[in-house]
Amino acid sequence: MSFDELRQAVHAVMPTVIDDLARLVRVPSVAAPGFARESVLEGARVTSDILRGVGVQDVRLLEMPSGYPAVFGEIPAPAGMPTVLLYAHYDVQPAGEVDEWETPPFELTARPDGRLYGRGAADDKSGIAVHVAALRSFAGRFPVGLKVLIEGEEEFGNSLASYLPEHRDLFRADVVVVADAGNNHVGEPLLTTTLRGFASQVVEVRALRGPVHSGAFGGPTPDALVALIRMLATLHDEQGNVAVEGMQSQPWHGSDIPEEEFRQLAGVLSGVDLIGSGSIASRVCASYSINVVGLDAPAVQGARNALIDVARARVSVRVPPGRSGQEALELLTAHLKAVAPWNVQLAFSEAETGEGHAIATDGPAYIAAYKALQFAYGKDASEIGSGGSIPLINAFASVFPEAEIILWGAEDASANIHAPNESVDPSEIERAALAEASFLSELAREQTVD
């Protein structure tokens, strides 16, 4: 099939692919504790049915040791051709407050702006749609071997990362394509080449046996919340750079992000400064960042005139690729211990870590991916890093160090993932699918030439 024929084939299957996406979004497949297990399992069944419909063979559920099943299927490789593993996930974030949505969160809804709205429409059911559109376009005549892996608990948990090393032969592939990323702007192709890792833990500060009256004891008596606030305030310098010893930025050589564009995407209020130094992309892709993402202290409503005996915060660190999440946790702990005032008592708990990753950009699959994006979008692709984490990528890289990893997708910066009114642009699904179909064809063409 020529590239022009491939373009026509992808365009022709898009109405069916959007119907597939609507079926997927209709299922509230939230794998978080407290949500209906049956809904997640229904998400697995719908995903399985869609994959069978595009010609994937032996589609089955892989039961994880804990959590939810992954959907897996495969298509044997033609003689002498490579095998490509296609990854996405069918679980989604909770909808949150339904009244913050302009349309029902679990109904794929087209709005006048041309986008399709619904929870998971972008993250990451659009990834499934991209794979499905690429596969449908071949009408059963696949140029390479394929394995399709759709995870069921990427957002909450990750049993697949421990399952993978124990089932190497099942997942073995020459190339892994992860459709869980995208472009900053619709129609502007990017290849994601780095991912930040993370470290997170809860710090607890205790100063008193219990709350005491601020009038009778305020002055000489330490307050746990005040102590915690003082500690947290030392995590950044006056400019907003991370001030923890040992947390230095890494060099960044990829594309930058214009400041005004970033401010708009991030929703920074007019007149409020951005923090830190260096280019925007270096701060997002190659630097540490520290945030307080949770705080346990008395609520304002109903607050009493009492000194606080205990206060807790969850502190989250994003870690540049090449640096260890565990090391970041140790540096954070050492810093908080060093700056704790008044000999208050500290306890650390609920630690979590994940490693970042730098994707190789000099292999034949990466070069083929670059050419495929150029064809699908009509312009050269740029390299970008992701400030977020995809833990499974490290598992793939560890188990199959010889396999190339490609990270792309249809989640543009306006998608509002993990927030109300999540959306996807259907034209971006089509372009990403055309890039993927072109990529698979290019791999087969290169193998034939070799």
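Bear in mind that the values in this text are calculations on the coordinates, not laboratory data. Please read these numbers as outputs of a predicted model, since none were measured by experiment. Neighbour counts run over all protein chains shown; Cβ positions are idealised from the backbone, glycine included.
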*State which helices in the chain qualify, where a helix is a whole DSSP H run, it must extend 15 Å or more along its own axis by its Cα atoms, and its mean Kyte-Doolittle hydropathy must be at least -1.0.*
3-25, 37-53, 125-137, 325-339, 364-377, 426-449
*Using Cα centres only, tell me the gap between the range 231-252 and the range 383-450 in whole Å.*
31
*Using the beta-carbon distance between Glu102 and Glu63 and R0 = 41 Å, what value does 1/(1 + (r/R0)^6) give for FRET efficiency, to the nearest 0.05?*
0.60
*Between Ala334 and Ala110, 0.36 nm times their residue separation minus their Cα-Cα distance comes to what?*
75.6 nm
*Given the rule -39500 (n - 2.57) for each run of at least 4 DSSP H residues, summed and divided by the residues of the chain, what is its mean residue ellipticity at 222 nm, to the nearest 500 deg cm²/dmol?*
-10500 deg cm²/dmol
*Of the residues Glu330, Glu404, Glu153, which exhibits the maximal mean-square fluctuation in a Gaussian network model of the chain defined by a 10 Å Cα contact cut-off?*
Glu330
*Reachable lysines from Lys379, Cα under 28 Å, same-chain residues fewer than 8 places away excluded?*
Lys125, Lys371
*Considering every pair of different Cα atoms, what Kirkwood radius, in Å, is found for the range 296-420?*
19.1
*Convert 37 °C to kelvin, take the viscosity as 0.692 mPa s, use the Kirkwood radius over C-alpha pairs of the range 58-159 as Rh, and evaluate the Stokes-Einstein diffusion coefficient in µm²/s, rounded to a whole number.*
211
*Label zone at Leu170, where the point sits 7 Å out along the Cα-to-Cβ direction: the range 17-45 residues whose backbone N lies under 19 Å*: 41-45
*What percent do you get for the relative contact order of the range 224-319 when only Cα pairs under 8 Å and 6+ apart count?*
34
*Expressed in nm to one decimal, what extension gain is obtained for the pair Ala358 and Asp49 from 0.36 nm per residue of sequence separation less their Cα-Cα distance?*
107.8 nm
*Can you give the three extents of the C-alpha atoms in the chain along their principal axes, from longest to shortest, in whole Å?*
82, 47, 44
*Euclidean distance of C-alpha centroids, the range 90-111 and the range 276-337, integer Å*: 29
_If I model a spin label as a point 7 Å beyond the Cα along the Cα-Cβ vector, how far apart are those points for Thr448 and Ala139 in nm?_
1.7
_Beta bridges by DSSP in the chain, antiparallel share as percent, to the nearest 5_ = 65
*Spin-label pair His185/Trp342, simplified geometry with 7 Å Cα→Cβ offset, distance in nm*: 5.2
*Subtracting the Cα-Cα distance from 0.36 nm times the residue separation, let me have the gained length for Arg209 to Ser249 in nm, one decimal.*
10.3 nm
_Kirkwood-Stokes translational diffusion coefficient of the range 388-450, alpha-carbon pairs, 25 °C, 0.890 mPa s, µm²/s_ = 171
_Just the number: Rg to Rh for the range 155-215, Cα atoms, Kirkwood Rh, two decimals._
1.28
_Whole-Å distance, taken between Cα centres, linking the range 21-48 and the range 159-200_ = 21
*How do 17-23, 362-368 rank on mean C-beta neighbours within 10 Å, highest first?*
17-23, 362-368
*For His131, His89, order by how many other beta-carbon atoms lie within 10 Å, fewest first*: His131, His89
*Extent of the range 194-242 along each principal axis, from alpha carbon coordinates, in Å, largest to smallest?*
55, 24, 10
_Along the Cα→Cβ direction, 7 angstrom out, place labels at Ser398 and Gln239. What is the inter-label distance in nm?_
3.5
